[in-house]
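Heads up: the structure comes next, in structure tokens.
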């Protein structure tokens, strides 16, 4: 128990530069309070004291704004940053050293009484507002971008962005010695990059066609990531 508490505190020091002292973490981090409440609720749940376990879970929710079903299974080193609005369903399984930001939902999409919530691998980072839905598996060392909606399983060492979530394989796989990669905002714009490449190709073809009417209206290729307002009557 003592080692588990020490690891919880250490994981916050490692992943939140705002943490300044042990006392600050103990008294001011609702994510820590939520995981400790969940451990008690889960112990009651697996020992057939389900109603009391649900009560402890709901009491913890009222204090922290974080809802974790007592049936969920959560590994070591789990960290919820800020935490408000996090929801973790009954059959969710979470690996070691996972980080969730506020507004994350690990939800179900079925009325099936069996497995209906996600399985999250080790060292996964789920960005603010992301939704991971269904009995899918998120591989080890994945990053889920902010506000992504993930409805399909993802292989290890992937970045997932967009709605619905699109998978991008990481060119540099995570190494055991690496620090957790918490950057869940600097993510590729898959649709924008593809559209820009297509527009450049079309423009090249237009310029190579001598009989093309160059006076015809067309949307300009974005410059430095910005589209022109006149192309959209803004």
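FYI, it's all coordinate maths here, none of it is from the lab. Keep in mind it's a predicted model, so treat the numbers as computed, not measured. Quick reminder, even Gly has a Cβ in these numbers, built from the backbone with ideal geometry, and neighbours come from all protein chains shown.
Observations on the model:
- The ellipsoid equivalent to the alpha-carbon distribution of region 1-71 has semi-axes of 25, 13, 8 angstrom, derived from the gyration tensor eigenvalues as √(5λ) and listed largest first.
- Residues listed by number, region 9-32, amide nitrogen under 14 Å from residue 1 label point at 7 Å toward C-beta: none
- Debye equation applied to the C-alpha atoms of region 66-110, log10 I(q)/I(0) at 0.21 Å⁻¹: -0.65
- Take the Cα of residue 168, step 7 Å toward its Cβ, do the same at residue 55, and the gap between the two points is 4.9 nm.
- For region 2-169: span of alpha carbons on each principal axis (Å, largest first): 40, 39, 25
- Of the three principal axes defined by the Cα atoms of region 104-151, the extents in descending order read 28, 20, 12 Å.
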